[in-house]
Amino acid sequence: MLNSEYFINLEEEYGAHNYHPLDVVLCQGEGVWVYDVEGNKYLDCLSAYSALNQGHNHPKIKGAMIDQLDRLTLTSRAFRNDKLGLFYKKLSDMTAYDMSLPMNSGAEAVETAIKVARKWAYVVKGIPRYKAEIIVADGNFHGRTTTIISFSTTEEYRYDFGPFTDGFIAVQFGDIDAIKSAITENTGAIMLEPIQGENGIIMPPEGYLEEVHTLCEEKNILFIADEIQTGLGRTGAFFACQHEGVRPDITVIGKALSGGFYPVSAVLADKSVLGLFEPGEHGSTFGGNPLAAAVAIAALEVIEEENLIENAEKMGKYIMDYLQEIPEKNIKEIRGKGLLIGIELKHELGGARRFAEVLRDRGILIKETHTHILRLAPPLIIDQSTVDWMLPILRDVLLMD
């Protein structure tokens, strides 16, 4: 019998060990629910790190993908296709940015944002060539490429992978004075996650993003927001920056841009920034392909048509209010926005993984991050009755010895 143990053993023998997944082998998904190879049913409260805001196997997105599969999947950017322009327009209509540049993974989109910000620094701001600096935050997570890990402050992401790329200055997240002190005549951009997701749902002080944006305007610096995890409705706004009325110069998106069907990411900016790219300076064989464009258009339409942003705000507040009433026996702190919630457990408990494993056995899939934190991020389609089923179970597990 091909049971979970069989598939786990296959992965362990033939796959690189660069992940530490929970031992559950999933084979089917529908909406907020997933099923393992033994037929057990689970509530997905991770959403593939927010890539599944629209839920598993959404029929509209699946339909768009199947239709496009019958027509045309890839042209490369050597030729035009009939879907890419529609995708561009949909992004501009929904985000109010002039232009977009589609890529595949989130890390590729971050790399793209870095490249265009550096060109802007030299061509527009006049920073001496190859002297541009980008200010980032301690605890950041923007991807896994060698350039991106060069400005990570998490040692396990960097150790043994140098030498590293220069040109990045890391400061304390949430500290506006630290940013002010780090700015020099060579500062071209400041890049931040509005909420640090991988670092444990770390929230900046209220007004921080607005202060950073104002500072960037005063100093002629680009503000880059990495909304790959926080964007597309996850926090109860289309972009997390909108909670403070901030419109960054560059916004990076991915994950839920395809509803989990296909790798799609994009960089959003106005013509004064993205218009600096000239033919041959940047590209991607698969970026902007017609299959990706068709899937992404449908994924964006689902966010609008099913009022997922409003539901994320409503359900997120409901969950947070409930969690705040749980006795603090094992809980150090609860924080978050919308349906991106972090439950930090007391460090003397030895880590959050055993809590995630018990929740798995009770039918709820949550993953630990940074040892002591449970990240709660269900699909944005989750309804009241499902939340009401989940919360008492979560409460019981959080209170266990």
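A few notes on this one:
- Residue within the range 91-104 that is over 21 Å from the mean Cα position of the chain (by Cα), among the small types (Gly, Ala, Ser), closer than 24 Å to Pro204 by Cβ and assigned by TED's automatic domain parsing to the domain that holds Phe238 present: no
- Note on the range 34-58: among residues that are surrounded by 16 or more Cβ atoms within 10 Å (Cβ to Cβ) and out of contact with any strand residue (DSSP E or B) (no Cβ under 6 Å at 6 or more places or on another chain), the one that is nearest to Ala312 (Cα to Cα) is Asn53.
- Restricted to the range 1-120, the set of helices (runs of 4 or more DSSP H) holding at least 3 residues that are among the aromatic types (Phe, Trp, Tyr) and under 30 Å from Ala356 (Cβ atoms) comprises 4-14.
- Matching residues, the range 136-149, being surrounded by fewer than 17 Cβ atoms within 10 Å (Cβ to Cβ) and either over 22 Å from Ile228 (Cα atoms) or of a type in the set (Ser, Thr, Tyr) (or both): Thr145, Thr146
- Qualifying position, being among the basic types (Lys, Arg) and either surrounded by 16 or more Cβ atoms within 10 Å (Cβ to Cβ) or assigned to a helix (DSSP H, G or I) (or both), among Lys317, Lys329: Lys317
- Checked across the range 212-219, the condition of being among the aliphatic types (A, V, I, L, M), surrounded by 20 or more Cβ atoms within 10 Å (Cβ to Cβ), free of Cβ contacts under 8 Å to residues at least 40 places away in the same chain and part of a strand (DSSP E or B) holds for no residue.
- Residue count, the range 353-375 (criterion: of a type outside the set (Asp, Glu) and not in a helix (DSSP H, G or I)): 13
- If you go through the range 1-22 and keep only what is in contact (Cβ under 8 Å) with a residue 24 or more places away in the chain and either under 15 Å from Tyr42 (Cα atoms) or among the polar types (S, T, N, Q) (or both), you end up with Asn3, Ser4, Leu22.
- Figure legend. Inter-residue proximity from the range 370-394: first residues at positive phi and assigned by TED's automatic domain parsing to the domain that holds Lys332, second residues surrounded by fewer than 20 Cβ atoms within 10 Å (Cβ to Cβ) and assigned to a loop (DSSP other than H, G, I, E, B), beta-carbon distance below 6 Å, spacing 6+ or different chains. Indicated pairs: Thr371/Gly351.
- Looking only at the range 77-127, and only at residues there that are touching a residue at least 24 places away in the same chain (Cβ under 8 Å) and among the polar types (S, T, N, Q), the one that is nearest to Leu268 (Cα to Cα): Ser100
- Residue match in the range 262-272 (condition: within 19 Å of the chain's Cα centre (by Cα), of a type in the set (Phe, Trp, Tyr) and outside the structural domain of Gln384 (by TED's automatic domain parsing)): yes
- No other residue among Asp166, Asp177 is surrounded by fewer than 22 Cβ atoms within 10 Å (Cβ to Cβ) and assigned to a loop (DSSP other than H, G, I, E, B) apart from Asp166.
- The combined condition, being among the hydrophobic types (A, V, I, L, M, F, W, C), outside the structural domain of Ala299 (by TED's automatic domain parsing) and within 25 Å of Pro379 (Cα to Cα), is not fulfilled by Leu10.
- There is no residue in the range 376-385 that is surrounded by fewer than 17 Cβ atoms within 10 Å (Cβ to Cβ), of a type outside the set (S, T, N, Q), in a helix (DSSP H, G or I) and at pLDDT 95 or above.
The values are calculated or read from the model by the stated rules, or taken from the named source; none is laboratory data. Note that the coordinates shown come from a computational prediction; the quantities given were computed from them, not determined experimentally. For neighbour counting, all protein chains shown are included, and Cβ atoms are generated from backbone atoms with ideal geometry for every residue, glycine included.
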